[in-house]
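So the structure is just underneath, and the comments pick up after that.
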Amino acid sequence: MEKQRLTPLCRFCYISSMKKLILISILFYNYSFTQEYLEWKDRTVSPVVLEVNDLSAQEIYQRISSWVDDTYVSPKKVLMVDKSDKVRIRGISVHAFKTKGLGQTFWYNLQHTLTIDIKEGKYRLTYEPEDILTSEDVPVMWDLQYYYNKKGKLRMGAKEMPGSFNNYLKGLTISINDAVSGLKKKDDDW
């Protein structure tokens, strides 16, 4: 008797129900932990709400305060609002994005306001870009809209700007979320 080859869909039918259950569980588990990040889209940074269901608003506030202390050289200078339900920071994003021109890559810093609104089990990040600075922190005479032409398309040298800026924003979101969720541990191995 010759073995008949099964198509991929039919092979799934012959898997035991326990294996099917495990496979489906893994798929749903991966889907349920998708992460949202701050993102530069349509010429603005949209706020993002991150949930940490097992934490009270006070615990979230304490962890964010700890993150501010660990992240900024002078935390008291950058804190504009420091309440248990809201933290507002005015700081500088170092190497926030890059552009290319004349065969060179130019990195820019970005003065920003970061607002973190806190509620039970969740917090919202709002990132507002303000002034563009050179890598030596000298202000430039244009804003982020300069990198777009009248039709809303990116200018030639600015093709890497959105991608590099989104990488920066993703790293910022992960840094804050790791601190709030407890994934970032203090390095006691010094």
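The values are calculated or read from the model by the stated rules, or taken from the named source; none is laboratory data. Source: prediction; values computed, not measured. Ideal geometry is used to build each Cβ from the backbone, glycine not excepted, and the neighbour counts take in all protein chains shown.
Residue by residue, here is whether (1) within 25 Å of Arg88 (Cβ to Cβ); (2) modelled with pLDDT under 90; (3) exposed (fewer than 15 other Cβ atoms within 10 Å of the Cβ) holds:
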residue	(1), (2), (3)
Lys122	yes, no, no
Tyr147	no, yes, no
Met156	no, yes, yes
Met161	no, yes, no
Tyr168	yes, no, no
Ile176	yes, no, no
Val180	yes, no, no
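What residue, among those in the stretch 44-67 that are in contact (Cβ under 8 Å) with a residue 60 or more places away in the chain and in a helix (DSSP H, G or I), is surrounded by the most Cβ atoms within 10 Å (Cβ to Cβ)? Only one residue tops the list, namely Ile60. Here Glu136 meets each of (1) farther than 26 Å from Asn177 by Cα; (2) among the acidic types (Asp, Glu); (3) in contact with a strand residue (DSSP E or B) (Cβ under 8 Å, 6 or more places away or on another chain) with one exception, condition (3).
When residues in the stretch 102-120 are screened for being surrounded by fewer than 19 Cβ atoms within 10 Å (Cβ to Cβ), more than 16 Å from the chain's Cα centre (by Cα) and at negative phi, 7 of them pass.
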